[in-house]
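Enquirer: Mind looking over this structure? Questions follow.
The values are calculated or read from the model by the stated rules, or taken from the named source; none is laboratory data. From a predicted model like this one, the values you see are computed outputs, not experimental measurements. Side chains are part of the model used for accessible areas, which takes the heavy atoms of the whole protein and leaves out ligands, DNA and RNA. Shrake-Rupley method; radii C 1.70, N 1.55, O 1.52, S 1.80 Å.
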Amino acid sequence: MDSLVGERRITYDARGLVEPDDTVLKVSEIDGARAVFDAKSMTTRQINLELRWLLYEQGVGDVTIRNPGAKHSLGVGILTRCRITFDGSLGYFGCGLIDGPEIHVKGRVGWSSCENMMSGIVVIDSNAGSLTAAAIRGGDVIVKGQVGARTGIDQKGGTVIVLGRAGSMTGFMMQRGRQILCGDVGPGLGDSMYDGTIYVGGKVASLGIDCVPGEWTDADTELIERKFRIHGLGAPPEFQKFVCGKKLYNYDNLEPSERKLVL
């Protein structure tokens, strides 16, 4: 059976949609600055192309994607201010390499969501897998469920807020930014961190190398209260503060010959 979609003839057979992956399907319902489309029968590439077509060519600023089906690598590389709602769960590498959008995931996400995020807001209603918010430089990532291991690994800025428990090696090699963890945290918290601040509301299984308790200040109170107020998270629990003990700050003391070997 043939059908015209977006000025292109596409074909359906017993397996469903068989349109080439590099074609924008233009199946969205557009109402002014808002658009909705159903991704159930679309591939990852088709979903991302449809999303980019709406944002960059049609000037739509608010997109809802229904039935994302836990597909991988959705909503990546969005470099503009907009609102995106995924009405369902995402797979691995969702919402990575973004700069500016506000994204709401009404479900779970797999490994490595929000990786290398520059700015914006990502709210995940349920659980997130390991390596959430890896290497982010800015923005806020809010996980209302639990997160897996190595959350915020190599974090360079921004804020990660987790309302549930966090897995092992959370904050590993953290360089800057903040993590606000409301539940219990697994072993190795803040291992090998160089800078940044980690707040924990529950129990810590064990601290990683060079992660030590920090002194609480009025600035910490202001930050916690402001973030909870902005994102409508209710009253914050009582937190412990952890920072870098700075015992690993020895790279600059290396002799030039040693530095060559490191590089």
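Enquirer: Quick one: what are the phi-derived ³J(HN,Hα) couplings along segment 162-179, Karplus 6.51/-1.76/1.60 with θ = phi - 60°, whole Hz, x for glycine and proline?
Expert: 10, 7, x, 7, 10, x, 6, 6, 5, x, 4, 6, 4, 10, 7, x, 9, 10
Enquirer: Something else now. Return the Rg/Rh ratio of the chain with Cα-based radii and a Kirkwood Rh.
Expert: Numbers: Rg = 21.0 Å, Rh = 19.7 Å.
The Rg/Rh ratio comes out at 1.07.
Enquirer: Hey, another quick one. Tell me the carbon and sulfur percent of the accessible area for the chain, rounded to whole percent, probe radius 1.4 Å. If you can, show how the numbers build up before the last one.
Expert: Details: 6400 of 13130 Å².
Answer for the chain is 49 percent, counting heavy atoms of protein chains only.
Enquirer: Something else about it: Send over a whole-number figure in Å² for the accessible area per residue of the chain, probe 1.4 Å. List each step's numbers first, then the result.
Expert: Numbers: 13130 Å² over 263 residues.
For the chain, the solvent-accessible area averages 50 Å² per residue.
Enquirer: How much of Val24 can a 1.4 Å solvent probe reach, expressed as accessible area in Å² and rounded to 10?
Expert: 40 Å²
Enquirer: Could you work out how far helix 218-230 tilts from the main Cα principal axis of the chain, as a 0 to 90 degree angle to the nearest 10?
Expert: 20 degrees
Enquirer: Can you pull the three principal axis extents for the Cα set of segment 78-139, in Å, largest first?
Expert: Largest first, segment 78-139 extends 24, 23, 13 Å along its Cα principal axes.
Enquirer: Which whole-number percentage describes the relative contact order of the chain, with Cα contacts under 8 Å and a sequence gap of 6 or more?
Expert: Values: 763 pairs, mean separation 20.8, N = 263.
Worked out over the chain, it gives 8 percent.
Enquirer: List the lysines whose Cα lies under 26 Å from the Cα of Lys247, skipping any in the same chain that are fewer than 8 positions away.
Expert: Lys156, Lys203, Lys260
Enquirer: From largest accessible area down, sort Leu207, Leu79; use a 1.4 Å probe on the protein chains.
Expert: On the way: Leu207 70, Leu79 115 Å².
Descending order: Leu79, Leu207.
Enquirer: Still on this structure: For segment 187-193, just list the computed ³J(HN,Hα) in residue order, Karplus coefficients 6.51, -1.76 and 1.60, θ = phi - 60°, integers in Hz, with x standing in for Gly and Pro.
Expert: Those phi angles translate into x, x, 4, x, 4, 6, 6 Hz.
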